[in-house]
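**Q** Structure provided below as structure tokens; questions to follow.
Coordinate-derived values only; no laboratory data. For clarity, every value in this text was computed on a predicted model and none was experimentally measured. No Cβ is skipped: glycine too gets one built from the backbone with ideal geometry, and neighbour counts run over all protein chains shown.
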């Protein structure tokens, strides 16, 4: 048997990802789809393979040049796309006297290709089409003898001889999988036009009185990866059984139910997949095809595995595919620290939770920082002056002051103070692994234990910044006196493990409070006005009050321009919220 893999499509439904990589090279469970198809054909007894190419053909050719397959695999470049019929006709010199197989290059399936070919060899008709029940696109009509009789949704079966003359019954509707076996003598029916479809060939054969047989496998898996949703679904279909087996090795497999979980500020989507006894969570970062640049999912996988292996309280990662943007993680429930604090009955109870959070923070910084590879990060490897100026100070001005409050503030007017602020925040910093968003909604509670989530933005940076994130968190709006008590607890707990200069530590913390506060306000402004996410503006008043308070606690007139603008922002906020703060 010889085979043709159809890989000349443009991949338009998968844009923009197919601008970088041709669809047949999209990875499925870590292997390019084209490689999976080639190896399936080899297992079926194929002795030579042709691949037609067009879009990004150099990528396919480069991939094949690196492989060492047991049979010849060659390509045929089509300067102009010829269609499936034209592609088959274009390589007519490749075929011999034996029936050959043609298979689409964008399908994931476990259909036994050898069984398909053997079936064809025994029925004596010119064509076999592999069909599958896929209700979304079932359009191929099949009669009771498993002969294909039409390719349109409205087709009906021919008259059944066992029924009264003229009676007609609806045909069974199935989906063409893109897998077909063709006798060479059928090639003469392919039109000589520059482009043609194999479906047109099959219509012609049926019209001429020939039979096209349907091979309908039972309990097979088949999926077309032509859209982002279908591609991710195919990847998840393979990852999920592996993840459940790893997480629950003694649990029987069974049907699962998928439910959407409410997200927060990021564009990621979250799902819970539950079997009758167990569940896990899927984090969907979206397809990421820029493989020469690390993406958010890459960082999530690398950092999450590192922290878990260090024994830090984070959800376990069971499976992941960075290209597809999918990660399957331990389900630690829906209760976060914010809700626990709001339902707490006493200050002492709240204080105990925050002491636990501080202990987790110290472990993150010290233990998580040990052996941490900065190349795992997808934004910047280190929290430094350039980041503070661009992603916190400028972000505050552009996204909050100007974007949200519609003020006309020039960032350059504040750059002198911002530069000084950045230097002071970094002076005395105790660097380790920095979460960078260590706040109550990113701390989950399960069985009275805290877990840190959303660590993919981590990098090397000051522990004081994460402490500030925790204590000035506007989602909770902790009492200032309790904030001071937790600060003192942190210094003591940290001193039990490493040398600490309380004065230097506290000084850096005071300035990190401000840089973090600027980031919070910038993010809330951006998420509200640009991303259209509701609810974040509710917490802006608390965040702005904290900024004004933090500035007032510094030496007199240390940042006069920023202090004045914070006061003006409070006044403008009254107009936005129509209330007095």
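**Q** Give the peptides 89-99, 348-358, 386-396 in descending order of average Cβ contacts within 10 Å, highest first.
**A** Values: 89-99: 14.6, 348-358: 17.2, 386-396: 20.5.
The densest-packed peptide leads the list: 386-396, 348-358, 89-99.
**Q** So how long is each side of the range 2-224 along the principal axes, counting just the alpha-carbon atoms, biggest first, in Å?
**A** That gives 62, 35, 32 Å along the principal axes, largest extent first.
**Q** May I ask you to derive the FRET efficiency for residue 237 and residue 208 from their Cβ-Cβ distance with R0 = 41 Å, giving the value to the nearest 0.05?
**A** Details: r = 40 Å, r/R0 = 0.97.
The calculated FRET efficiency here is 0.55.
**Q** Same structure again: Work out, in µm²/s and without decimals, the Stokes-Einstein translational diffusion coefficient of the range 337-577 at 25 °C, 0.890 mPa s, Rh from Kirkwood over C-alpha pairs. Before the final figure, lay out the partial values.
**A** Values: Rh = 18.2 Å.
So the translational diffusion coefficient is about 135 µm²/s.
**Q** So, R0 is 45 Å and r is the distance between the beta-carbons of residue 554 and residue 19; what FRET efficiency does that work out to, to 0.05? Don't skip to the end; give the middle numbers.
**A** Details: r = 49 Å, r/R0 = 1.10.
Using R0 = 45 Å, I get an efficiency of 0.35.
**Q** Turning to a different aspect of this structure: Mind pulling the angle between the C-alpha long axis of helix 113-123 and the longest principal axis of the chain? Nearest 10 degrees, somewhere in 0 to 90.
**A** With both axes taken from Cα atoms, the answer is about 20 degrees.
**Q** Could you tell me the center-to-center distance, by alpha carbons, between the range 504-522 and the range 421-479 in angstrom?
**A** 11
**Q** Express the C-alpha Rg of the range 7-136 as a ratio against the empirical globular expectation 2.2 N^0.38 Å, rounded to two decimals.
**A** Values: Rg = 15.0 Å, N = 130, 2.2 N^0.38 = 14.0 Å.
Scaled against compact globular proteins, the figure is 1.08.
**Q** Helix-only mean residue ellipticity at 222 nm, the chain, DSSP H runs n ≥ 4 weighted -39,500 (n - 2.57), per residue, nearest 500. What is it? Kindly include the intermediate steps, with their values, before the conclusion.
**A** Numbers: 15 runs with 213 residues, N = 581.
Result for the chain: -12000 deg cm²/dmol, rounded to the nearest 500.
**Q** Contact order normalised by length for the range 2-224, with contacts defined as Cα pairs under 8 Å and 6 or more residues apart; what percent is it?
**A** 24
**Q** Expressed as a whole number of Å, what is the distance separating the alpha-carbon centroids of the range 204-243 and the range 293-345?
**A** So the separation of the two Cα centres works out to 33 Å.
**Q** Cα convex hull of the range 228-330: how many Å³ per residue?
**A** Values: hull volume 11.7 nm³, N = 103.
Normalising the Cα hull of the range 228-330 by residue number yields 114 Å³.
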